[in-house]
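The values are calculated or read from the model by the stated rules, or taken from the named source; none is laboratory data. Not measured: the values here are computed from a predicted model. Glycine also receives a Cβ, built like all others from the backbone with ideal geometry; neighbour counts cover every protein chain displayed.
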Amino acid sequence: MKAFDSFDLKFKCFDFPKDQQIKVILVKGDWRIGKVKGLVRKAYRINPSYTIELTLKGEILPNDKLVDGLDFNPEQDSIKVMVSNPNKI
């Protein structure tokens, strides 16, 4: 993938009904994961008080990592969205 190109990323969140689990979001390679999380939060309409983590191939993606630095194929791989309520004990 060419640096800083725009491309669609597929996200999957199992905390939602089956027909709402997959979202495709247009991102740029020079964006950081922290920025992508904001777009994911909007796409899924996740409450701001909830924490979200993005994982790829079982590893949590750090907020400061560039999308271009990810080892994945945007046409085949999906990023898992994990949502947690920090107020729930």
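With (1) in contact (Cβ under 8 Å) with a residue 12 or more places away in the chain; (2) buried (at least 16 other Cβ atoms within 10 Å of the Cβ); (3) in contact with a Pro (Cβ under 8 Å, 6 or more places away or on another chain) as the list, and residue 41 as the residue in question, which single condition is left unmet?
(1)
Please find, among 22, 79, 60, 52, the residue that is modelled with pLDDT of 95 or more, touching a helix residue (DSSP H, G or I) at 6+ places or on another chain (Cβ under 7 Å) and not acidic (Asp, Glu).
52
Identify the residue in the stretch 44-89 that is free of Cβ contacts under 8 Å to residues at least 24 places away in the same chain and small (Gly, Ala, Ser) and, among all such residues, is nearest to residue 23 (Cα to Cα).
Only one residue fits best here, namely 58.
Tally the residues that are among the charged types (D, E, K, R), within 21 Å of residue 76 (Cβ to Cβ) and under 10 Å from the mean Cα position of the chain (by Cα), restricting the search to the stretch 17-65.
Number of matching residues: 1.
Can you tell me which residue among 16, 11 is touching a residue at least 60 places away in the same chain (Cβ under 8 Å) and hydrophobic (A, V, I, L, M, F, W, C)?
11
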